[in-house]
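**Q** One structure coming up, written as C-alpha cells, with questions to follow.
FYI, it's all coordinate maths here, none of it is from the lab. Note that the coordinates shown come from a computational prediction; the quantities given were computed from them, not determined experimentally. As a convention, Cβ positions derive from the backbone with ideal geometry for all residues, glycine included, and neighbour counts pool all protein chains shown.
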Amino acid sequence: MTRTLDGEVLHVVPPEELDDHDVEEELRELADSRYVLVCRAGGEPSWFERLRSFLTRRPIEAATLVSETRVEEGDEVTATVRETDLPGVYEATDLRT
C-alpha cells in the first residue's frame with residue numbers, strides 16, 4: 001500500500017555510514033546501498049503545533065524513509081512511500097524536495 005508523506009528531514013545516514021550508526025539489522029538490510037532519512041512527519045511544525053503537542057503531551061510523529069535520493073538535513077520533502085514490515089519505516093518510491 002502506498003501513501004504520500006510530507007516531512008522535514010532531521011537526519012541523513014548515507015549508505016557508507018550505516019555501519020557507524022546503531023541501526024537495526026532489518027533496517028540495514030532494507031537500506032543496503034540507499035540513504036536512511038529520519039523525518040518529522042508533516043514537515044516543520046508551526047509554533048501553534050509545537051505548543052499543542054507540548055500541552056497535550058502528544059509527540060510530533062517521526063518517520064524513517066529509505067531512499068535512493070540524497071537530501072540534506074533541514075530539507076522539506078514530499079515522498080510517495082510504501083510501508084515495510086518495520087514500524088515507522090517506509091520505502092520512498094518517489095521523493096521530491
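**Q** Run G7 past the list (1) surrounded by 17 or more Cβ atoms within 10 Å (Cβ to Cβ); (2) among the small types (G, A, S); (3) in a loop (DSSP other than H, G, I, E, B) and report the number of the one that doesn't hold.
**A** (3)
**Q** Please go through (1) in contact with a helix residue (DSSP H, G or I) (Cβ under 6 Å, 6 or more places away or on another chain); (2) part of a strand (DSSP E or B) for S33 and return the number of the only condition it doesn't satisfy.
**A** (2)
**Q** Would you check which residues across the range 21-39 are crowded, with 16+ Cβ neighbours inside 10 Å and either of a type in the set (A, V, I, L, M) or in contact (Cβ under 8 Å) with a residue 60 or more places away in the chain (or both) and list them? Can you show your working first?
**A** Of the residues in the range 21-39, the ones crowded, with 16+ Cβ neighbours inside 10 Å are 23, 27, 30-31, 34-39.
Matches in the range 21-39: V23, L27, L30, A31, V36, L37, V38.
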